[in-house]
Amino acid sequence: MSLEDHAEELASSLGVDKTEVKQKLENLDQYGVPIDEAKQTVRRNYDESDSGSPEEVSTKSIAEITTGDSRVGVDVRILSVGKRSIQYNGEQHVIFEGEMADESGKISYTSWEDFDLETGETVHLGNIDIREWEGNPELNLGDSTSVERLSETLDVEYDVGGDATLASLEPGDRGVNLDVQVLETEQKTINGRDGETEILSGVVGDETGRLPFTDWGPREALSVGNSVRLEDVFIREFRGVPSVNVSEFTTVAVLDSTVEVADSGTRYPIGDAVDTGGMFDLELTGNVVAVRDGSGLIERCPECGRVIQSGQCRTHGEVEGEDDLRVKAILDDGTGTVTVVLDEVLTAEVYDGDLDDARDHARDAMDREVVAKEIRENIVGQEFRVRGTLTVDDYGANLEASEFTRRVEDPQDRAKRLLTEVKP
């Protein structure tokens, strides 16, 4: 059933104008709210309108607000104010978003009107719509919302202003300010909603870690080596990890001082890392217990880059494969396991030979599997320190390695360390 059909069905049952209902559903759909949940929200709004006036909306603390609420009032302190442009009903629309807090907790918000909210101020917001966002309630400010500035400042336990570190970021954060160093950049042309668009992607870092970023309007200030202050960025999820998005409303200023960047990735036990659901620039240590099939000298589709079997690509059918080197190693540290994927460069290091060497080896043996066999002999049973990006999905936990270093440790020292780790 299309959104148009849902709007017609809901409008008919409520006895209201279909155009107005459709607009409300499109508003919620823009934020990825499932259609059934969106219809319930719209129905609650109309039920509330029929049962009383906006003045009858009760004021609640943030901790008391649930996804079952329709409209509420709150006394809050503004923690951050972000600004972003989205496409709505075929037109560009500017929204405001961030976080608010009171003594009981904090909550995210989206405002479809410019109420001139400022970070740090304390306000009473009346007649706010509540919607569900990723299982949590979120404040939705619209044309029926009232704003009253309060003279008494709420004392909250959260930082005001939106300043954050990379390690503290989560997908969905908005109105965030960062001091970072630009570590990598790559200019790309993508097919966006307005046709071909030039973007800048790369990696930024601070003393707490590193994350990917995208600048939707490439700026010279975001050059490798520059330390910059980014004000008003929003965070999306990209391949299971937070990604910093620099929008048209983000201000970028080059800093006089250098932002220090962590030399190593964030260290985690494998089990804890997998539980996070994905991490960027992660560092793990463990033993390689196996090398999976599909390692060694492989063939890829020249069109999509996928690994092919017997000259067949799942997408493009029969193709002339292109040789490549890859390793898919199972790393185990006693808390869990992860598949570590090595690219051609790292595979050549553990194979002790390049792609041409692997081709010659396979040709002489008349068996491509000899390359994987030698790699197994070189790394299985050995301890490695691995650095890279972890993704966790229906296919399991996979870490795309940027570093793969064998750990050399005196056997006695290693035994003592292992005994220390397992003692209660």
Note to self: Just to confirm a number: summing +1 for Lys and Arg and -1 for Asp and Glu over residues other than ILE62 whose beta-carbon lies under 9 angstrom from that of ILE62, what do you get?
What the structure shows: -1
Item checked: the chain, relative contact order [Cα under 8 Å, separation at least 6], % -> 9 percent
Margin query: Based only on other Cβ atoms within 10 Å, what is the fewest-to-most ordering of THR405, THR41, THR391?
Written below: THR405, THR391, THR41
Item checked: Length released on extending from GLU20 to ARG43, taking residue separation times 0.36 nm less the Cα-Cα span -> 7.1 nm
Notebook entry, point to check: What fraction of the Cα pairs in the range 164-246, stated in percent, has a spacing above 20 angstrom?
Noted result: 27 percent
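Compute the Cα gyration tensor for the range 69-164, then decide on rounded, prolate or oblate, letting a ≥ b ≥ c be the square roots of its eigenvalues: rounded whenever a/c is under 1.5, prolate when a/b is larger than b/c in the other cases, and oblate in all that remain. The partial results should precede the final answer.
Numbers: a/c = 1.55, a/b = 1.42, b/c = 1.09.
Because a/c hits 1.5 or more and a/b exceeds b/c, the range 69-164 counts as prolate.
Counting only other residues whose beta carbon sits under 11 Å from that of GLU349, what net charge do I get with K and R as +1, D and E as -1? Write out the running numbers ahead of the final one.
Values: positive: ARG406; negative: ASP343, GLU344, ASP352, ASP354, GLU403.
So the environment of GLU349 carries a net charge of -4.
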Notebook entry, point to check: Leaving out same-chain residues fewer than 8 places away, which lysines sit with a Cα under 28 Å from that of LYS328?
Noted result: LYS373
Check: Exposure proxy check: THR315, THR266 ranked by fewest other beta carbons within 10 Å?
Finding: THR315, THR266
Notebook entry, point to check: Between the range 315-387 and the range 289-311, how many Å separate their Cα centres?
Noted result: 10 Å
Check: Charges only on Cβ, +1 for Lys and Arg, -1 for Asp and Glu: so what's the dipole of the chain about the Cα centre, in debye to the nearest 20?
Finding: 1020 debye
Margin query: What number does the range 3-149 give for Rg over Rh if you use C-alpha atoms and the Kirkwood radius?
Written below: 0.95
Next item on the list: Would you list which lysines come within 18 Å of LYS106, measuring only between C-alpha atoms, while excluding same-chain residues fewer than 8 positions from it?
Entry: LYS60
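Could you work out the helix-only [θ] at 222 nm for the chain, with each DSSP H run of four or more residues adding -39,500 (n - 2.57) and the total divided by the number of residues, to the nearest 500 deg cm²/dmol? Present the calculation step by step, with values, prior to reporting the outcome.
On the way: 8 runs with 89 residues, N = 424.
About -6500 deg cm²/dmol.
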Item checked: Read-out Cα extents along the principal axes in Å, derived from the coordinates shown; its label in (i) 75, 50, 39; (ii) 83, 51, 49; (iii) 64, 54, 43 -> (ii)
Check: When a footprinting reagent is the concern and you count Cβ atoms within 10 Å, what order do TYR268, TYR158, TYR351 take, fewest first?
Finding: TYR158, TYR268, TYR351
Item checked: From the C-alpha gyration tensor of the range 251-362, square roots of 5λ in Å -> 32, 21, 16
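Only the coordinates and a few stated rules stand behind these numbers; no lab work does. All of these numbers come straight from a predicted model, not from anything done at the bench. For neighbour counting, all protein chains shown are included, and Cβ atoms are generated from backbone atoms with ideal geometry for every residue, glycine included.
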